[in-house]
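So the structure is just underneath, and the comments pick up after that.
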Amino acid sequence: MKLNFKTLTTAALLALGMASGANAGSVFLTGHDVDLHDGQNGFDVVILDYLRGAGTGTAIAAASYRVGVIRSTGIGFVGGVLEGAPLWAGGVTQLDPSTVSAAAFATFLSDIDVMVVASNVDCGGCALTDADSAALNAFAPEIATWFNAGGDIWGNSSADLATYYNFLPAGAAAAGASIGGSSGFVCTAAGVAIGIDCDAGGVSNINGFPTHNRFTSFAAAFTVFETRTTVSGVTETISIGLRDGRIVDGGIVDGGTVPEPGSLALVGLGALALGLSRRRAAAR
């Protein structure tokens, strides 16, 4: 179930986030620095379509999908994460996490539908420093509340920073040492199903672009969309995703859990707010 956050109140967000059984947000994590490569032949569109629920019948309309970009102040993009219009037509705001308090960060989240984390600067030309990554990780509680109310997350490349995805719970996703190369990436069946163009010889979303990290471990709730096999025969995981997940009990799980009795009142409060504010549109 996808929610639009333009008109949700803070109280409703907190109510939904605290409800342990609330079906919630979606995540896409990738070792590609898609933000540096002009959207990578439309890979940005594929990712945002997946996150907003395209094809599910409950998608947020592309034109209403509000994007918030986490990046460092004063660092520019070559090409840039702001490609992909008109999908990004719902609006884009940008924030340096080192410049705001936890309360201000929560307010920022309450006005967006998807949080896009720019790639780490060590990928070469990318836009989030190690210090700003640490600042973002400190907001993990606020991110969990927002995610559990339906917020979506797109995390770009960690380059060589092992803690890059620590804005998610411990064990959700661990990045390995940085990798190199721009070819040999292949889609799984699930990757093909969400629309990733995997052509290694022609136009591709994933081949032909320098890529910087793999995932050495991740929660069972994630689906693998893309891999690469090394010359020694080791299969590396490059892109993973999760729809309608929840952050609960220090981990991340898929949705569908019935609320605990103590959460029912909170779910009711959130549902009331959502009933008044939610806007729906059919998937494209």
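The values are calculated or read from the model by the stated rules, or taken from the named source; none is laboratory data. What you see is a predicted model; the values in this text were computed from it and never measured. So basically every Cβ, Gly included, is an ideal-geometry build from the backbone, and we count neighbours across all protein chains shown. Note: accessible area is taken over every heavy atom of the protein model, side chains too, but ligands, DNA and RNA are not part of it. Shrake-Rupley method; radii C 1.70, N 1.55, O 1.52, S 1.80 Å.
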Discussion item. Quick check on packing: order 172-180, 100-108 by the mean number of other C-beta atoms within 10 Å, highest mean leading.
Written reply: 172-180, 100-108
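What do you get for Rg/Rh of region 162-255 when both radii come from the Cα atoms and Rh is the Kirkwood radius?
Values: Rg = 14.0 Å, Rh = 14.2 Å.
Answer for region 162-255: 0.99.
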Worksheet item: Applying the Karplus parametrisation 6.51 cos²θ - 1.76 cosθ + 1.60 with θ = phi - 60° to the phi angles of region 231-247, what ³J(HN,Hα) value in whole Hz is obtained for each residue in order, glycine and proline being reported as x?
Response: 5, 8, x, 8, 8, 9, 8, 10, 9, 9, x, 8, 9, 6, x, 9, 9
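Kindly sort GLU226, GLU142 by accessible area of their heavy atoms, largest first, with the probe set to 1.4 Å.
Sorted by accessible area, descending: GLU142, GLU226.
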Worksheet item: Using a simple spin-label model with points 7 Å from Cα along the Cα→Cβ vector, what separation in nm is obtained for THR107 and THR163?
Response: 2.7
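According to the square roots a ≥ b ≥ c of the eigenvalues of the Cα gyration tensor, what is the shape class of region 111-155, taking rounded for a/c under 1.5, prolate for a/b larger than b/c otherwise, and oblate for the remainder? If you can, show how the numbers build up before the last one.
Values: a/c = 3.50, a/b = 1.79, b/c = 1.95.
Verdict is oblate for region 111-155.
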